[in-house]
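Structure first, commentary second.
The values are calculated or read from the model by the stated rules, or taken from the named source; none is laboratory data. Bear in mind the structure is a predicted one, so any value in this text is a computation, not a measurement. Don't worry about glycine lacking a Cβ; one is built from the backbone with ideal geometry, like all the others, and counts go over all protein chains shown.
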Amino acid sequence: MAPQSYQAPTQGDLEQNSTVSQSAESNLSSGSTTVAELLEKKGNLVFSVTAEDTIADVVVTLRDKRIGALLVVDENSNLEGILSERDIVRKLAETPGQTLPQKVSDLMTKDVVTCSPNDLLVGVLKKMTDGRFRHMPVVDNGKLCGMVTIGDVVGYRINELEYEALRMKQLIVG
């Protein structure tokens, strides 16, 4: 038995142009999503510290903001490094009881991998996976303009897939 929404084709239907449910363009559309599109929805708020701050200050900020990393910037907001929870945990294991008074500059990663707003999310995800890190600053023309996390990228992609599935259901049901 056909669903109630089903309507048998009529003679006029056969004259319409046929369509396909998939095309190269539709299959690749999610692969062309940029960091800028993600930042439009997420926002570009960035939490940062200076190289002279202490790890004690950093852990309080990480806890209060419920985030996993902080960018290290100079007085002109230029990116100098990044400090993650992982960096702190490693140092805690190396110097138990002596880590909290240390300066950010002693623990931060100085060679930071960044992306630009025009980078594709697929490429950013690959860089993060290959580099085994979860946070990536977004830099545009040398200026810090946001940060994306692996959770942001995966969450954005899941939302895209859910939307695509809904559109397919609507096409099938009518």
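Taking the stretch 47-69, which residues are β-branched (Val, Ile, Thr) and either touching a residue at least 12 places away in the same chain (Cβ under 8 Å) or part of a strand (DSSP E or B) (or both)?
Listed by number, the residues that qualify are Val49, Thr50, Thr54, Ile55, Val58, Val59, Thr61, Ile67.
Residues of the stretch 123-156 being closer than 16 Å to Ser48 by Cβ, touching a strand residue (DSSP E or B) at 6+ places or on another chain (Cβ under 8 Å) and not small (Gly, Ala, Ser), which ones?
Hits for the stretch 123-156 are His135, Met136, Pro137, Val138, Val139, Leu144, Cys145, Met147, Val148, Thr149.
Rundown of residues vs (1) within 13 Å of the chain's Cα centre (by Cα); (2) of a type outside the set (A, V, I, L, M, F, W, C); (3) modelled with pLDDT of 95 or more, yes/no style:
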| position | (1), (2), (3) |
| --- | --- |
| Arg86 | no, yes, no |
| Pro96 | no, yes, no |
| Pro117 | yes, yes, yes |
| Leu120 | yes, no, no |
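Just to be sure, is Asn159 surrounded by fewer than 17 Cβ atoms within 10 Å (Cβ to Cβ), under 26 Å from Leu45 (Cα atoms), more than 17 Å from the chain's Cα centre (by Cα) and polar (S, T, N, Q)?
Here the answer is no, as Asn159 does not meet what is asked.
Can you tell me which residue in the stretch 105-135 is surrounded by the fewest Cβ atoms within 10 Å (Cβ to Cβ), limited to those that are among the aliphatic types (A, V, I, L, M) and in contact (Cβ under 8 Å) with a residue 60 or more places away in the chain?
Val122
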